[in-house]
Amino acid sequence: MARPSSDKTSPSRSDAEAAKERTTQLLREIRRIEIQTSRLVNQHLAGSYQSVFKGQGVAFSEVRAYTPGDDVRAIDWNVTARTGEPHVKLFTEERELTVMLVVDMSGSLDLGSRDYDKRQLVARLAATFAFSAIRNNDKVGLIGFTDTVEVFVPPRSGRKHVLAVVQQVLTHQPQSRATRVASGLEYLARLGQRHTVAILISDFVDAVPEDSADAARAFEHALKVVRRRHDLIPIRVEDPLELELPALGLVALEDLELLGLGGDTFLDLSPRRAKKYRARVDAERTRLDQMLRKLSLDSMSIRCGDNWQQPLVNFFARRARRMRR
């Protein structure tokens, strides 16, 4: 099901030339993502980000003389006693935030039946939140997982840092063929970070399996633990092909990560089997949606080939309205 690679080279071309071409294509893709996401941030999300994601409360700023109308609860009695004149404490909001991108880097993200695969969509989504963050002088970190955490980039700020994060998402070669979403969440919980905005981006394949109650409970527990301390936002990325397989009869599929089979796998896609597959996918998506609603988590689903920017704009607008109530 994986889309054929676009950087294959002829046998006569040297390895150095092939490497140079791949690097050029990668830099071009990163630049394209930067332009698209920066435009989205500047035109639609810049004003929403600060109101949607709050800092850690308030911090002491200074003491000044009391003026009529000031809240008497803010009076600094020590300074008032020392000077003989009433003084009040002033506080400012602690604005600085850390955005942690908890990103699925498993092999299933290489599936793409449209103009780009799920990995490229994940990179666009991660870049959007990252550029929104650094525009407000916030820091961005990355946790990349398969069935274990394979990439950790400590939170930093700045454009070069964000571009390095995007490059990691696009180019990381997974060491494991399996996926366990809970591993990324558990790693974040162990970091001991202060309150962060945790953006969990995955296709959530088998995150809530019907045949493994233990795995489903572990995933739900990890969501609960992170949700208590952090602002957790799950984003599901999907490709239309994985939601409804066409009835094509007997076909050979390249195994991306399922069952660890490796190589090509023949699959019966008769109308009956295709219908059964669709029912299984629908049931899995329903179980995930029910779990996220149960935990009152804001979430969104975005498909390859669809307008990926509008769901983000809608999410920020919906959340901003809720914050104003």
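Just so it is clear, none of the values below were taken in a lab; they were calculated from the coordinates. Everything numeric here is computed off the predicted structure, so don't read it as measured data. Neighbour counts run over all protein chains shown; Cβ positions are idealised from the backbone, glycine included.
Taking a ≥ b ≥ c as the square roots of the eigenvalues of the Cα gyration tensor, segment 273-325 is oblate, since a/c reaches 1.5 or more and a/b is not larger than b/c.
Each residue, Thr80 and Asp282, gets one label point 7 Å from its Cα in the Cβ direction; the gap between the two is 6.7 nm. Label 7 Å along Cα→Cβ of Glu210; segment 281-321 residues with amide nitrogen under 12 Å? Only 281-287 fall inside the zone, counting backbone N under 12 Å. Once you have a ≥ b ≥ c as the square roots of the Cα gyration tensor eigenvalues for segment 102-208, tell me rounded if a/c is under 1.5, and otherwise prolate or oblate according to whether a/b is larger than b/c. Since a/c reaches 1.5 but b/c is at least a/b, the shape of segment 102-208 is classed as oblate.
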